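Read the structure below first, then the notes.
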Amino acid sequence: MRLSDLITRKLTEAFAPESVRVIDESHQHEGHAGHRPGGESHFRLYIVSEAFRGKSRLERHRMINAALAAELGGGVHALAIHAAAPDEGLA
């Protein structure tokens, strides 16, 4: 299973999001710290979930980091997070 698929599955189980998109941006980081041959080291995440309503940006990031603790402690070098409640929209 690709790491991006595992991340998507874990986030879906944890937050029942209206939408979730995980983008592997590893190819943009070739030659930089944390890059591995084959990628799956740098990701960008867009997630919209009711679970984030009333939460600060920091609280949302902490929730996501907790859900992905194993991945962040292992193969994921960088994760850019864009998290919102349903009526907030994402840039």
From the residues in the stretch 32-62 that are out of contact with any Pro (no Cβ under 6 Å at 6 or more places or on another chain) and part of a strand (DSSP E or B), which one is modelled with the lowest pLDDT?
-> 42
Conditions (1) among the hydrophobic types (A, V, I, L, M, F, W, C); (2) surrounded by fewer than 13 Cβ atoms within 10 Å (Cβ to Cβ); (3) within 13 Å of the chain's Cα centre (by Cα): number failed by residue 72 | (2)
Which residue out of 69, 78, 84 is modelled with pLDDT under 95 and hydrophobic (A, V, I, L, M, F, W, C)?
-> 78
Residues (within 14 Å of residue 68 (Cβ to Cβ), of a type in the set (A, V, I, L, M, F, W, C) and surrounded by fewer than 18 Cβ atoms within 10 Å (Cβ to Cβ)) located in the stretch 1-27 = 6, 14
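The values are calculated or read from the model by the stated rules, or taken from the named source; none is laboratory data. In this text, all values refer to a predicted model and were calculated from it rather than measured experimentally. Please note: Cβ atoms are built from the backbone with ideal geometry, for glycine as well, and neighbour counts cover all protein chains shown.
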